[in-house]
Every structure is written in C-alpha cells, then in structure tokens.
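Step one of this worksheet: look at the structure below.
The values are calculated or read from the model by the stated rules, or taken from the named source; none is laboratory data. Here the structure is a predicted model, which means the values were calculated and not measured. Note that we place each Cβ from the backbone using ideal geometry, even for glycine, and neighbour counts take in every protein chain shown. Note: accessible area is taken over every heavy atom of the protein model, side chains too, but ligands, DNA and RNA are not part of it. Shrake-Rupley method; radii C 1.70, N 1.55, O 1.52, S 1.80 Å.
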Amino acid sequence: GCGCPLAPWAEGVDRMAASTVGSSPPKSPTRRPAPGARRVPTHPAEDPTSQLYHFLRNLEVYRDTAYELHQEEHPSVKVEHFKKFLEVDVAQEESCMSLPFSIAFLIIFVIVVGQHMQVELVYSLETALKQEVSKGMTWDNGRRSLENVSSYGDFFDWFQYGMRPALWRREFEGTLIPPYRWDRFLERHKIVGAIRIQQTRSQSKGCTVEDGMKRYFGSNCNPDKTDQSSAEFGVGTYRGNATLGFAHHDAKGGFALWLDPLTAPLTVDSKIAALKDGGWLDEQTMMASIRVMTYNAEVAGGVFGDMSIDLEFGRGGMVDTFTRINSIHAQPYNHIEIVIVDMVFLFFLALVFLGEFRELREALVQRRFRSYLQFWNVVDWAAIFMGSTVVIVYTVVVVMVSSVVQQLEDIGTRESEIWDVDTLFSTEVLEEARVNGTLGSMGLDRFVGDEVQGLYQTAYADLESAVAVNQSLRMLLAVYCLILMLRFFKSFASQPRLALVTSTLSAASVDLFHFGMVFITLLMTYSIAATYLFGQQLKAYHTWTNSVLTCFEILMGVFDFQALARLNTLFAFFWFWSFLILVFLVLLNMLLAIIMDTYTTVKSRSLEAVTLWGQGRTMIRRHRETKLGLRVSLQAVLRIMRSGWQPDTITPEELVQRVEKLPLVQAERIIQRCVMWLRSGSEQSVSVERSVKLLYFSLCRLEGFMVHVNTWYGEFLARHTREVGYTAPLSKLDTQGGSRKLERVLQSRVDDELMLDLIAHE
C-alpha cells in the first residue's frame, strides 16, 4: 500500500535466514575483510525469533560487506563511468603536475618585470621630483607652496619666487655652477630641451540664465565642457604674441611659452612678468600646465621622466593642483642578464603554448572540441595570448624609446655645432660677471629659431607616445598577474585541501549573489543620501563616487564622525548609526555566516582527502614507475578507451588485454579507484531542512512498511514451526513491549535504498 520496493527484502530474508539460522555469518575462506568493512557480530541461536532479530539488525551490514567482498573478488565498472573517471583523473594529474611549472613561471615573470620596471628605484626617483615641486618650491618666505595657489596672481608669484630660483641658478652658496649643470633638476636630472608653460582655454559664451540675470551678471560665461578655444587673446601690445603664448602655436602645442633652462635668470623673470601683465591667465583658462622632460643617466641605464604640473581652474573659483610623473627606461637591455631572463620567459611561454596546442589538436581529431572548451583551458589560452601581447607591446615600447634616444643624440650633436657652451661661459667669464654683478644675465636661448625647436617638438611627441604605450603595458602586466593567479587555482582544483577557497566560493555563489544585490542596494542608497547631506561642505562626499568610497572606508573602520556632526548633528547621528547597524553589524555578519557555513560543509568533505605531500609522493611514484616500465600512463589508457570499447563493462583482465604492457596490479588499482570514485560521487550532503522533510516522509512510509514486515514475520514463524516440528517458546520479542522494540530496531536500520526512494519521490 505504501509503494515501497519490498520484494527484494522478502526474497533476501528468505534466502539468508535459511542459511543463518543456527549458524554464524559467512566468512570469506580466502581473503580477509576489507580494511574499511564493518565487523558483523555473531550471536548464539537461542530461538528462531532471536536469530531473526539479530539477522534483521545486521541485514545492511551483510549486504554492504558482501558487496565489498564481491567487488574485491570480481571488480568491474561500466565503460562510460570508467572513461569519465579516467578523464577526471588525468585532468587532476596534469593539474597537479602543472603546479611546480606554474610556480616557476610566476617566479620568472616576477624577475622579468622587476628587471625591466625597477619599481622601487623609479618610485624613489619620482617621489623626489614630486616633493621638490610641492614642498621645495615655496614662496612668501617659505610659508606658501604650490598647494596654496588659489588665484592667477598666486600662480605667477609661485613661479617667479618658487620655481625660477630652483631651476635657473648660476651659483649656489657662493660657488659658481658650471654651464653643463645649468639645466639640472635636483642636481641629477637633466632637463630635456625646454620647460614648457601651456594652457587650454574654453570658448566664451552667453550664460544659460534668463536675460535679466544675464544683464545683472554683466559678462559672458566660460563653461569648461565646451569646445576649446584657439583664438588669440591678451591685453594691449601682448595680444596675439605667439612667442609669449598669447596665440595658438601648433608646433609648440597650443598656447605655450618655452623657457630654455640655459636662459639667463633675469630673462626668465622678464618673461613671467610679461605673462602677468598681458593677462595670460584669465576667466577662459581651464587648465595651466608646466611640462618638464627629464633624463637621469645614473640609474638603470637611463630613465626618462615626463613631469606635468597641472593647475585646474574650476568654474566655482577653486584651483586644484596635480603633479604627475611617468617614467620610462631609456636603454632597458644594458646588461646581459636581462636578455637571459627574457629568453627564459619566452621559453616558458612557448611550453605553455605547445602543451595547449597539443591538447587542442587531439580534441579536434577526436571531435570533442566542446568538452575541451573548459574554463581552465580558456585560462591557459588567455595566459598565452596575454603573454604574447605583453611581449609585442614591450617590443613596441623599446623601439619607440630607442628612436627618441637616437633623436636626442642627433640634437646634442647639432647643438654642439651651433653653440660651444664651455667657451661662451668659461670660468673666467662667469667670475668676471659675478664681480660686475651681471651673473644673472648670463645665458642663451636655444629656441629663438625654429630648427632646434622643431627637433625637440618631434622628440617630445615621440616620447609622450612611448610613455602612453608604456602605461598600457603596465596595465597589461597587472592583468597578466591575475591570469597567472587563475592558473594557480587550476592546480589547486586538483587538490581538495588546496581547493577550499574556490570550492567554498563556488558552493556559496548563489547566496553571495543574492546577498550582493541587497548589500549594493543599501550601500548605494546610503552613499547617495550622504552626498545630499554632506556633499556641499565635505570633499569626501562631494561626488557620488567619493561618497561610495568613503562609505566603504567607514565599513573598514576609517571615519570622522566629528566632521559630520559639525554640519548637522541630528542628521549625522541618524545616518551614521543606522548605516553602521544595518550594513556593518547585520549585513557583514550575515556575509560571514554564509561563508563560514559553506566553508564548514566543504571542509567536512576534504577531511579524509589526500594531503598535498601525499599526492606529491603519488605523482613521484607514478613518474618513477613509468620510467622503469612498471606502469602505463593514464593518458595512454584513456586514448585506448576513447578509440572504442565494445562491452558495456570492463574488468582488470580485459583492461590488461587491451592496453599493451599494462600490469595487472595497476589495472586492479585503477578499477578499484574508479569504484571508490563512483561511491564518493554518489554521496550527497543533505541540509537540515531537507533532513526534516525526509524524516517526515520516512515516518509516513514506515507505517505501511511495518505492516508488510509484521505479516512476513508471522508467516516466517509459522513456516519454521512446521519445518522443525515443535512450538518455539515465547521470547521477550513476542510480547507487546518486544514488538515495539523490534519496530524501533527496524526503524533505526532502514535500508539506504528506501531513503533513496524517498528522495526520488519527494
């Protein structure tokens, strides 16, 4: 009436009861029980009822033990299962064997990038230049610096009293500076060509307000998001003066003034005064920039630096200052060891390509391209293509920088032909000028004519292009690091104890996705609210992106509540504490609970998994036995299985006949491992909610199941009584309490097939 598969139960009990009444459980005469098999306790045959009780109690143990003994005596698996097992095992073996290669590849990549980029050295170089600009070039008796520029007049004062004395000097503490060091920045950086002062201008348009307010405002507006203006400007006689930058000059890069570092300091002062008097900065100025190209030959085969000091004049009157420096190596291959490590990197990249190409060709020949398109194979091809892209882009950078180096060598030769600086400004000439008080007038201007200026303009354009490509190269290197990290996870996936992180994230991906939707919604909502509440007074919230970053910093424990409270105590208190309680205390702890719950489940599955060193020993043993001819590689077995196998099942003997030189011991070991793999794959973890539901269905099905058991039990006693010829004495199980006890035992020893049937009918 319950629909349970009881026929196998009745038939098995009839057969096994007849063989076990009055005897002990069967034992294997030739083999010892399997190490993992459970012992079957024996009980004296006091009466048929007691024997039936013990038999039913150990029915599952008999069945499992008999199955395990049968598998040990006659192991066999289905061919389709065996193929799947070999594919998984071969993939895991290859992934595990690729771990040392992945480590070596990453090490070589780090060495190559370190040799070419030299990040630590470049950082110290760029930091020195930035600190000199921001803290060293001061004015107003050292009380103000570049960050204090807030008007047009401040810019000219900073340049005249801060920057000019630092770059245009003829003596230092009473000692004359030789001419070959006049174009030095921080004594070690040679200024390449000129110091270029340039600006971008907006078009003056009518304000987008009512006509009455236009008349009240009294002038046009200069929106900073319109097309740039190229019209000449200036006050009085300075209007349209291209030499001073009051007219657009394509060769100079727009509205630009080139100042030669060899020019006399007094000449620089007069030109800066002319810019100030001519109104070079006005309401149409969007950004003023000072571009300086430097070259340092004392580090890493020479380093070029592209420094830009930018002052952005906002439409609200605020002046933002930025100092950016991008460095690039002039001659990267100045040592032979750099060439060697590059060759090693190319060798490793070629090995990855050959391995993947071999697998791809085999997949195409066997027409299993879809099965080949797995995530980890895609990662390997991404590593190949990205590595090739990095090599190509770096080659382009080297070629472009080499061209710039050649141009500067030609420029240096041409300048020496035109000017003999050592003769023009010899020590005697400089001493005489100092005595006469005309040392500030000593200098020359190389950019009066167009010849040298054109040569430098071409070199500037090429160097800026090389720097831009080098910036792209740095981003590619960062992406390539992430791809190499994914190749590590490919190796980790073959080792259960190493795959805990990826397995946990994969198992919790659905919950994390839904959690992320809620978290992002709340974070965005609170960020927008903070922008409306505090954005007009605090820079940390003045844009939506800044507000998001600040809110995330609050979650990390970095916040300034007093700054919020000074604006509006009530709003700050409500926003801050509700954000902390709801997002930090509730949501982030829920995230931790999701991760830990999934991690516990994944961790429990890998408790009995082989360790990393155990798997390493297995790989070494396999490699040694393969070399000695005592073992056939699993790849060879898999190729034979893919070539075709007619029977539906496979045994070790059949496997030995089909695979040449395959030892029987290895064949038995492979089949046994396949059986264990199938058993582990059939196990499934059941959640608490699912367990309760299964228990409910089990109790409902057991009610009908007990009716069949009781009926069969009565028939068995009657048949046994007739066969023996006497009436068996009543035991404790024949009483009402004994029946309840037997019912409890049966409920506690429910067969696994019944549970699987319940799961299927759930």
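Rundown of residues vs (1) small (G, A, S); (2) farther than 30 Å from K539 by Cα, yes/no style:
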{"position": "G236", "(1), (2)": "yes, yes"}
{"position": "L244", "(1), (2)": "no, yes"}
{"position": "L259", "(1), (2)": "no, yes"}
{"position": "S270", "(1), (2)": "yes, yes"}
{"position": "M286", "(1), (2)": "no, no"}
{"position": "G302", "(1), (2)": "yes, yes"}
{"position": "T321", "(1), (2)": "no, no"}
Checklist entry - Among the residues of the stretch 361-380, how many are closer than 16 Å to F488 by Cβ and hydrophobic (A, V, I, L, M, F, W, C)? => result 4
Next on the checklist: Looking only at the stretch 227-246, count every residue that is touching a residue at least 12 places away in the same chain (Cβ under 8 Å) and either buried (at least 20 other Cβ atoms within 10 Å of the Cβ) or in contact with a Phe, Trp or Tyr (Cβ under 7 Å, 6 or more places away or on another chain) (or both) and tell me the total.
Outcome noted: 8
Next on the checklist: I'd like the full set of residues that are closer than 30 Å to V469 by Cβ and open to solvent by less than 20 Å² (accessible area, probe 1.4 Å), limited to the stretch 78-111.
Outcome noted: S102, F105, F109
Next on the checklist: For G212, only one of the following conditions fails: (1) part of a loop (DSSP other than H, G, I, E, B); (2) at pLDDT below 90; (3) open to solvent by less than 80 Å² (accessible area, probe 1.4 Å). What is its number?
Outcome noted: (1)
Checklist entry - Do the conditions hold for S388, that is, is it open to solvent by 60 Å² or more (accessible area, probe 1.4 Å) and polar (S, T, N, Q)? => result no
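Here is a yes/no grid of residues against (1) open to solvent by less than 40 Å² (accessible area, probe 1.4 Å); (2) among the hydroxyl-bearing types (S, T, Y); (3) without any contact (Cβ under 8 Å) to a residue 24 or more places away in the chain:
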| position | (1), (2), (3) |
| --- | --- |
| S289 | yes, yes, no |
| V344 | no, no, no |
| L351 | no, no, no |
| E356 | yes, no, no |
Next on the checklist: Is it the case, given these coordinates, that T200 is under 22 Å from M293 (Cα atoms), touching a residue at least 40 places away in the same chain (Cβ under 8 Å) and surrounded by 11 or more Cβ atoms within 10 Å (Cβ to Cβ)?
Outcome noted: yes
Checklist entry - Quick one: what pairs do we get from the stretch 529-547, first residue in contact (Cβ under 8 Å) with a residue 40 or more places away in the chain, second open to solvent by 50 Å² or more (accessible area, probe 1.4 Å) and in a helix (DSSP H, G or I), C-beta under 7 Å, 6+ apart or different chains? => result L533/F571
Checklist outcome for this item: With the first residue restricted to the stretch 310-326 and required to be of a type in the set (S, T, N, Q), and the second required to be assigned to a strand (DSSP E or B) and at pLDDT 90 or above, Cβ contacts under 6 Å at 6 or more apart or on different chains are T321/L311; T323/I309; N326/D306
Next on the checklist: Which count do you get for residues in the stretch 499-511 that are open to solvent by less than 40 Å² (accessible area, probe 1.4 Å) and either under 30 Å from V405 (Cα atoms) or assigned to a helix (DSSP H, G or I) (or both)?
Outcome noted: 2
Checklist outcome for this item: Picking from I595, I554, I581, the residue that is within 30 Å of L505 (Cα to Cα) and either touching a helix residue (DSSP H, G or I) at 6+ places or on another chain (Cβ under 6 Å) or in contact (Cβ under 8 Å) with a residue 60 or more places away in the chain (or both) would be I595
Checklist outcome for this item: Residue count, the stretch 131-184, condition assigned to a helix (DSSP H, G or I), within 21 Å of M318 (Cβ to Cβ) and open to solvent by 50 Å² or more (accessible area, probe 1.4 Å), comes to 3
Checklist outcome for this item: Scanning the stretch 448-488 for residues that are open to solvent by 50 Å² or more (accessible area, probe 1.4 Å) and among the hydrophobic types (A, V, I, L, M, F, W, C) gives V448, L455, A468, M475, A478, V479, C481, L482, M485, L486
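Condition check ((1) over 24 Å from G316 (Cα atoms); (2) hydrophobic (A, V, I, L, M, F, W, C); (3) touching a Phe, Trp or Tyr at 6+ places or on another chain (Cβ under 7 Å)) across all residues:
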site	(1), (2), (3)
I520	yes, yes, no
F534	no, yes, yes
Q537	no, no, no
T543	no, no, no
V548	no, yes, no
F552	yes, yes, no
D560	yes, no, no
F571	yes, yes, no
S578	yes, no, no
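Residue by residue, here is whether (1) out of contact with any Ser or Thr (no Cβ under 6 Å at 6 or more places or on another chain); (2) farther than 12 Å from V583 by Cβ; (3) not in a helix (DSSP H, G or I) holds:
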{"position": "Y526", "(1), (2), (3)": "yes, no, no"}
{"position": "T531", "(1), (2), (3)": "no, yes, no"}
{"position": "Q536", "(1), (2), (3)": "yes, yes, yes"}
{"position": "S547", "(1), (2), (3)": "no, yes, no"}
{"position": "C551", "(1), (2), (3)": "no, no, no"}
{"position": "Q562", "(1), (2), (3)": "yes, yes, no"}
Checklist entry - Can you pull out the residues in the stretch 309-327 that are within 28 Å of R181 (Cα to Cα) and either surrounded by fewer than 17 Cβ atoms within 10 Å (Cβ to Cβ) or over 31 Å from the mean Cα position of the chain (by Cα) (or both)? => result I309, D310, F322, R324
